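Data first, discussion second: the structure below is written as structure tokens.
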Amino acid sequence: AVIAVTKERRAGETRVAAVPETVKKLIAAGFAVTVEAGAGSAASYPDADYAAAGATIAKTLKDALAKADILFKVRAPEADEIAALPKGAIVAAVLNPYQDKAQLEALAKAGATAFAMEFVPRITRAQVMDVLSSQANLAGYRAVIEGAEAYGRAMPMMMTAAGTIAAAKVFVMGVGVAGLQAIATARRLGAVVTATDVRPATKEQVESLGAKFLAVEDEEFKNAQTAGGYAKEMSAEYQAKQAELVSSHIAKQDMVITTALIPGRPAPKLVSAAQVASMKPGSVIVDLAIEQGGNVEGAKLGEVAVTQNGVKILGVANLPGRIAADASALYARNLFAFAGLFLNKEGQFAPDYEDEILKAALVTQGGAVVHPQLKS
Ligand code: NAD
């Protein structure tokens, strides 16, 4: 079977769905790989390295897709890609299916068998294919780097002959994969770190990283984790109590990093304009949830919003794309593992659509949207 890897077309997308290392592995597993010229250049992977790994370099999109059985992408294919896709081809990408409904419909109409990588279940066997974790981890790291860059002071405590500089106080809201990495990164830079989440299991994780935990620990908090390990949407009453608790805390912070998400729902609003206004001039907020609507009032996608009192709110789009070489390498390994599900025991191309992982991630097939959560 032929796997095609095309250039990401969405503005600002620097990642690529295969790297030379995974191309080599895919070929060893029995696939042929075609890479559109320039597909990896924004992530520092030149065409020559793909060719050396055994890929065929296609000059045009049409050539890249002409014989494709499978298309690997970071983002959903755009109209020109869908138009060039052979009927019935498999697509694996981060499809953002709750928001990008039109693109999903277009994939269905084109007869594609599309998998949304974010729907891969978080079971042990699928950990190696977990693109949410691989990308969120790097986003959490990069958020602190972006924040530190925008912050006009030092992160660590420094004792100098000219006097002492205080360590920055960093508050991380939402302690999933991204939040944990943000805590670890801020700690490595020498900040004093506190964190909050609605899932009780996070308390121990926060403390094990050397940060302090802060949360309203009532009955609702004790039951805030779903069986799947995600957060529930909290009641208005809980959110009010939470806001009250964190208000006085936020006023004392130099940096706030928000990462709170609820699957399939808009991001919860955690930081109000009044709380932002309570922060010192020069403080920085990084809103990692900005692409899902944002956790912070006043945050704008793709912009640095500077408030009247001099607080910078960073709404950086696509944080993993700012660390594109590593983000691509991890994403490509996730897809390499996923490709293994298309092979039978003899190593032949024969996807088993009854497989638990493929079943959970399958969103379009046979001309229709087939995922139960997406059918309207
Ligand atoms: P996520 O990206 O969905 O959300 C980020 C964090 O925001 C979560 O910790 C969530 O509890 C928190 N949050 C939601 N609403 C909030 C609110 N109102 N206030 C404060 N915080 C709020 O989360 P994620 O990073 O995908 O992780 C979710 C879970 O999945 C975790 O338990 C994680 O350990 C688990 N996980 C499991 C696997 C696996 O088993 N393979 C892999 C990765 C993550």
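The values are calculated or read from the model by the stated rules, or taken from the named source; none is laboratory data. What you are looking at is a predicted structure, and each value in this text was computed from that prediction instead of being measured. Virtual Cβ from ideal backbone geometry, glycine too; neighbours counted across all protein chains shown. These area figures cover heavy atoms from the full protein model, side chains too; ligands, DNA and RNA do not enter into them. Shrake-Rupley method; radii C 1.70, N 1.55, O 1.52, S 1.80 Å.
Numbers for the structure displayed
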{"item": "Residues satisfying the stated conditions in the stretch 113-146, i.e. more than 9 Å from the ligand (Cβ to nearest atom), more than 19 Å from Pro351 (Cβ to Cβ) and among the aliphatic types (A, V, I, L, M)", "result": "Leu138, Ala139, Ala143, Val144, Ile145"}
{"item": "Residue within the stretch 286-299 that is in contact with a helix residue (DSSP H, G or I) (Cβ under 6 Å, 6 or more places away or on another chain), within 13 Å of the ligand (Cβ to nearest atom) and open to solvent by 20 Å² or more (accessible area, probe 1.4 Å) present", "result": "yes"}
{"item": "Among (1) more than 19 Å from Val369 (Cβ to Cβ); (2) without any contact (Cβ under 8 Å) to a residue 40 or more places away in the chain, the one test that Asp100 misses", "result": "(1)"}
{"item": "Filter result for Gly298 (free of Cβ contacts under 8 Å to residues at least 60 places away in the same chain and either of a type in the set (Phe, Trp, Tyr) or on the phi > 0 side of the Ramachandran plot (or both))", "result": "yes"}
{"item": "Cross-chain or 6+ apart pairs with Cβ under 9 Å, the stretch 157-177 first and over 25 Å from Gly140 (Cα atoms), then in a loop (DSSP other than H, G, I, E, B) and not polar (S, T, N, Q)", "result": "Thr164/Met157; Ile165/Arg153; Ile165/Ala154; Ile165/Pro156; Ile165/Met157"}
{"item": "Close pairs from the stretch 136-154: first over 17 Å from Val177 (Cβ atoms), partner open to solvent by 50 Å² or more (accessible area, probe 1.4 Å), Cβ under 6 Å, at least 6 apart", "result": "Ala150/Lys312; Ala154/Ile165"}
{"item": "Members of the stretch 69-84 that are more than 14 Å from Val35 (Cα to Cα) and buried (at least 16 other Cβ atoms within 10 Å of the Cβ)", "result": "Arg75, Ala76, Pro77, Glu78, Ile82, Ala84"}
{"item": "Of all residues making up the stretch 1-16, the number that are assigned to a loop (DSSP other than H, G, I, E, B), more than 11 Å from Ala325 (Cα to Cα) and open to solvent by less than 60 Å² (accessible area, probe 1.4 Å)", "result": "4"}
{"item": "Contacts under 8 angstrom Cβ, first residue in the stretch 216-244 being more than 13 Å from Arg199 (Cβ to Cβ) and modelled with pLDDT under 90, partner of a type in the set (Ser, Thr, Tyr) and more than 8 Å from the ligand (Cβ to nearest atom), 6 or more apart", "result": "Ala243/Ser272"}
{"item": "Cβ pairs under 6 Å, 6+ apart, first in the stretch 257-282 and farther than 30 Å from Met117 by Cα, second part of a helix (DSSP H, G or I) and open to solvent by less than 30 Å² (accessible area, probe 1.4 Å)", "result": "Gln275/Ile250"}
{"item": "Test: Gln99 is farther than 30 Å from Ala184 by Cα and either in contact with a His (Cβ under 8 Å, 6 or more places away or on another chain) or within 16 Å of the ligand (Cβ to nearest atom) (or both)", "result": "yes"}
{"item": "Per-region count, the stretch 26-51, residues assigned to a helix (DSSP H, G or I) and either modelled with pLDDT under 95 or surrounded by fewer than 20 Cβ atoms within 10 Å (Cβ to Cβ) (or both)", "result": "8"}
{"item": "Residues that are within 12 Å of the ligand (Cβ to nearest atom) and open to solvent by less than 20 Å² (accessible area, probe 1.4 Å), drawn from the stretch 269-279", "result": "Val271"}
{"item": "Residue match in the stretch 249-264 (condition: of a type in the set (Ser, Thr, Tyr) and surrounded by fewer than 23 Cβ atoms within 10 Å (Cβ to Cβ))", "result": "no"}
{"item": "Residues being at pLDDT 95 or above and not in a loop (DSSP other than H, G, I, E, B) - total across the stretch 278-325", "result": "19"}
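Conditions tested, residue by residue: (1) of a type in the set (S, T, N, Q); (2) more than 10 Å from the ligand (Cβ to nearest atom); (3) closer than 20 Å to Met279 by Cα; (4) surrounded by fewer than 21 Cβ atoms within 10 Å (Cβ to Cβ).
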{"position": "Ala167", "(1), (2), (3), (4)": "no, yes, yes, yes"}
{"position": "Val170", "(1), (2), (3), (4)": "no, yes, yes, no"}
{"position": "Val177", "(1), (2), (3), (4)": "no, no, no, yes"}
{"position": "Val193", "(1), (2), (3), (4)": "no, yes, yes, no"}
{"position": "Gln205", "(1), (2), (3), (4)": "yes, no, no, yes"}
{"position": "Ala227", "(1), (2), (3), (4)": "no, yes, no, yes"}
{"position": "Ala240", "(1), (2), (3), (4)": "no, yes, yes, yes"}
{"position": "Leu245", "(1), (2), (3), (4)": "no, yes, yes, yes"}
